[in-house]
Amino acid sequence: MIIQIDHIAFSSMNFAEHIRILQSLGYLLKFSSTGKKNMEIKRSLLREFGESHDLALLTHVSSIPIELLNHGHVNTSEGYIFPLFDNAPDEFLKSIGVDAGVSSYNGSFRFNKFVVKTSDVRKSADFWKNFGFREISCGSEAALLEFRSPLSKVSCTIFLKHDTAVENQKYFLDDMGFNCIAFISNSAKKEREALIKNGIKTTEIEQFTSNNTPLNVFFAIGPAGEVVEIIEPQKVKK
């Protein structure tokens, strides 16, 4: 069962600068690691697979956690996730490649909404519902879905937008900007079995240790190329 959203991943080649900017918005650095061994299950999900990568996780009281990932390069192709920020300062928008003026800084910053482009709104809506999103509305051109976790006060909203240009598109974890949403599950094995039963393509499950916590991890690929990460934290044996 999906419990909550763990983070949204962002490709970064400049951790120091991005951490500084996120901290100015109220994000707190939970941990940062360098030279972490890459998971083999990510090999087909990266345009350029490297043996290691750097990562940092930042959390915010009213926003989705952000994981910075440095794979040693960043693809310049446009992804499918387009963030929507409440009260974001121009400096932050420019730092992630968004034109200044999209949002004004006149209150508390919040990030819990984003637009997802898809070639088939109905299929994508059904895909996201596998991860705990509730369908608010759905038509041929757009859909609105909401996620609420019993363990977090931070809700999340997805706006699906139909776009024929992304048909048969494939996305990668080293694409520019925000490129993957990660969820926490209480059982990666059962989660994967349920997804496969529903016709969703997944990777195998692989173990990975992050911030001294062992994890069971796998990825799911959606009908429009969406990449989702499922994480099951394991209890640390004393």
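The values are calculated or read from the model by the stated rules, or taken from the named source; none is laboratory data. Values in this document were obtained by computation on a predicted structure and should not be read as measured data. Note: ideal-geometry Cβ built from the backbone for every residue, glycine included; neighbour counts use all protein chains shown. These area figures cover heavy atoms from the full protein model, side chains too; ligands, DNA and RNA do not enter into them. Shrake-Rupley method; radii C 1.70, N 1.55, O 1.52, S 1.80 Å.
Tabulated results
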quantity	calculated
Any chance Phe111 is open to solvent by 60 Å² or more (accessible area, probe 1.4 Å), of a type in the set (Phe, Trp, Tyr) and not in a helix (DSSP H, G or I)	no
Residue in region 21-32 that is closer than 28 Å to Leu215 by Cα, modelled with pLDDT of 95 or more, open to solvent by 30 Å² or more (accessible area, probe 1.4 Å) and touching a Pro at 6+ places or on another chain (Cβ under 9 Å) present	yes
Scan of region 171-199 for residues that are open to solvent by 40 Å² or more (accessible area, probe 1.4 Å) and either touching a strand residue (DSSP E or B) at 6+ places or on another chain (Cβ under 9 Å) or among the hydroxyl-bearing types (Ser, Thr, Tyr) (or both), ordered by number	Met176, Asn186, Lys189, Arg192, Ile196
Tabulated pairs, region 10-26, first under 19 Å from Arg110 (Cβ atoms), second open to solvent by less than 10 Å² (accessible area, probe 1.4 Å) and of a type in the set (Val, Ile, Thr), C-beta under 8 angstrom, 6+ apart or interchain	Phe10/Ile66; Leu22/Ile66
Checking Thr202 against (1) in contact (Cβ under 8 Å) with a residue 12 or more places away in the chain; (2) under 29 Å from Asn14 (Cβ atoms); (3) surrounded by fewer than 20 Cβ atoms within 10 Å (Cβ to Cβ), the condition it does not meet	(2)
Any hit, region 121-133, residues being in contact with a strand residue (DSSP E or B) (Cβ under 6 Å, 6 or more places away or on another chain), part of a loop (DSSP other than H, G, I, E, B), modelled with pLDDT of 95 or more and among the hydrophobic types (A, V, I, L, M, F, W, C)	yes
Output for region 160-174, where each listed residue is out of contact with any Asp or Glu (no Cβ under 8 Å at 6 or more places or on another chain) and part of a strand (DSSP E or B)	Leu160
Lone unmet requirement of (1) open to solvent by 30 Å² or more (accessible area, probe 1.4 Å); (2) farther than 26 Å from His162 by Cβ; (3) at pLDDT 95 or above for Leu215	(1)
Output for region 17-35, where each listed residue is in contact with a Ser or Thr (Cβ under 6 Å, 6 or more places away or on another chain) and either in a strand (DSSP E or B) or on the phi > 0 side of the Ramachandran plot (or both)	Leu28, Lys30, Gly35
Residue in region 208-221 that is within 30 Å of Gly35 (Cβ to Cβ), part of a strand (DSSP E or B) and without any contact (Cβ under 8 Å) to a residue 12 or more places away in the chain present	yes
Residue in region 2-16 that is aromatic (Phe, Trp, Tyr), under 20 Å from Glu232 (Cβ atoms) and in a strand (DSSP E or B) present	no
Enumeration of residues in region 49-92 that are closer than 14 Å to Cys180 by Cα, in a strand (DSSP E or B) and open to solvent by 50 Å² or more (accessible area, probe 1.4 Å)	Phe82
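Each row is one residue, and each column tells you yes or no for (1) among the charged types (D, E, K, R); (2) closer than 28 Å to Asn70 by Cα; (3) free of Cβ contacts under 8 Å to residues at least 12 places away in the same chain; (4) in contact with a helix residue (DSSP H, G or I) (Cβ under 6 Å, 6 or more places away or on another chain).
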site	(1), (2), (3), (4)
Ser155	no, yes, no, no
Lys161	yes, no, no, no
Val166	no, yes, no, no
Glu191	yes, yes, no, no
